[in-house]
């Protein structure tokens, strides 16, 4: 007997909704039990056991997105497999640092909200120590002092072996060859590691190859400037021993003309046995003009504003015209400078400058108009010399009666005129201008105002200054120093140096901890009156802190002496303090706090001073 299937009945909508609700709830409960529902976030990474390699350096090797130092930023997501990959990365990193027995384990602490705290336990173990460095020179006729190179090895026996140190050791010999006529020189090296004895033997084989000289210069110009303006900036001549260092120095000098957007010096390709290497010099024209606008705030100037215009390559001869205006509560200035490089196709640069300036300084105000005409040229050993003539018209005013009683020839509202011979020399070997970390700056300037040149003010003024910078062990850790000595003496018909021409010290760029211009002689009311001699110096340790932040510890000294005969280092004033810098493209932004150690007048001199600045203090 045949049976007929009953028709299928669809469940009611209410029953379907109830089943779906129960199914979702059950799935959520099961997911909660397995722990898969909560996303993990990384809130902290802690490095433990790192002794020789700093923990911060170890943390920098992690590819994990680390949590921010700022509490309001959201913690980054965390995946355990990323941490496992980083553990392998750290082991490779430690091997490069000379640690071949390092073990690294991780521990994760996870709270109920999925926040992860990762703890990395490091057992560094013993490191590989350099046992010996053997250098084999094939064809020792190369013009190199190998004994001096050995004394300057960046990696020496007894030190911890690192891959970076080994690379720097090889690069030392390669650079020496390239700078002494052997651009094709090769340096091969092998490292024999004994992981049981934890020592490394380094063997280098130096093959200088043929000695080469510079050939002819092939000039490719994309700028309308004379050939001689480019060629005379080159630090090498055809026939001289080939040197990459001279190529880099020539490129630097061409960039310093500020005429070119790009400069390249490329050794031409020559056959393997050829020892004469031509050089291709290619330059591209820079911008015809630039405008710079700046505003700021400083401890001395308070609010300040600056507008500058530079026009380049006027008339196609590489000439420069600079116009600048500056305003602040201390100084208002308008200046113009015209520079004609290699004047009349000579090696001298002609510089003509003129301007107007008004000062509002502690103890007096001054308005002056000045002009200068100089001839400048580069000398060997990176020296820059100038000679010229200067003319100055100055009218001081606002001088207190207490100052006039001491400086009887100050005479407010008198127009002083000075016609001067100018001389100066400067040597700059710093690695960069805004924030140097190595090198030095030496300068000597002389102004001689004589009666036969005209004017009613005659004097002799000499200022010598030295600045030095040295990196200590690691980038950013810099020791900087400065020493300045200056004298100005009245001569011929002048019996006393007027107030606006005297030396002043104290404040930013001088001896921090003392008020601006208040170091040295003062009148009865405590207002500075300056002196005929100045002696001051600074020592500063610049320490990297975090990313672009730098810390500063400084010690300053100095004083101003009423007469040159009274100069006495035993009367120096001292200050010490701390500072913070933030590096920017226009120079470091900083704040310092200086403490005078032997105040000149405890009643007038505050026990500390805050100094805000843009750029390093020196």
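The values are calculated or read from the model by the stated rules, or taken from the named source; none is laboratory data. Only a predicted model underlies this, so the values are computations on that prediction, with no experimental measurement involved. Positions of Cβ are generated from backbone atoms using ideal geometry, with glycine treated the same way; all protein chains shown enter the neighbour counts.
Values computed for the structure shown
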| item | result |
| --- | --- |
| Filtered residues of segment 477-508 (kept if buried (at least 18 other Cβ atoms within 10 Å of the Cβ) and assigned to a loop (DSSP other than H, G, I, E, B)) | 494, 497, 498, 502, 504, 506, 507, 508 |
| Subset of segment 322-351 (residues that are over 29 Å from residue 300 (Cα atoms) and part of a strand (DSSP E or B)) | 338, 339, 340, 349, 350, 351 |
| Within segment 531-606, strands (runs of 3 or more DSSP E) holding 3 or more residues that are touching a residue at least 60 places away in the same chain (Cβ under 8 Å) and under 15 Å from residue 509 (Cβ atoms) | 533-546 |
| Members of segment 220-243 that are more than 17 Å from residue 317 (Cβ to Cβ) and part of a loop (DSSP other than H, G, I, E, B) | 234, 235, 236, 237, 238, 239, 240, 242, 243 |
| Residue within segment 56-68 that is part of a loop (DSSP other than H, G, I, E, B), touching a helix residue (DSSP H, G or I) at 6+ places or on another chain (Cβ under 9 Å) and surrounded by fewer than 13 Cβ atoms within 10 Å (Cβ to Cβ) present | yes |
| Index of the failed condition, residue 330 passing every other in (1) under 18 Å from residue 418 (Cβ atoms); (2) free of Cβ contacts under 8 Å to residues at least 40 places away in the same chain; (3) under 33 Å from the mean Cα position of the chain (by Cα) | (1) |
| Hits in segment 131-153 - residues which are touching a helix residue (DSSP H, G or I) at 6+ places or on another chain (Cβ under 8 Å) and surrounded by 14 or more Cβ atoms within 10 Å (Cβ to Cβ) | 133, 135, 137, 142, 144, 149, 153 |
| Which numbered condition residue 198 misses (of (1) within 23 Å of residue 96 (Cα to Cα); (2) surrounded by fewer than 15 Cβ atoms within 10 Å (Cβ to Cβ)) | (2) |
| Hits in segment 185-218 - residues which are free of Cβ contacts under 8 Å to residues at least 60 places away in the same chain and closer than 29 Å to residue 233 by Cα | 185 |
| Scan of segment 246-298 for residues that are surrounded by fewer than 13 Cβ atoms within 10 Å (Cβ to Cβ) and assigned to a loop (DSSP other than H, G, I, E, B), ordered by number | 269, 271, 272, 273, 287, 288 |
| Exclusive hit being outside the structural domain of residue 353 (by TED's automatic domain parsing), closer than 25 Å to residue 349 by Cβ and at pLDDT below 95, set 316, 325 | 316 |
| Matching residues, segment 523-539, being crowded, with 21+ Cβ neighbours inside 10 Å and either modelled with pLDDT under 95 or over 32 Å from the mean Cα position of the chain (by Cα) (or both) | 528, 529, 530, 531, 532 |
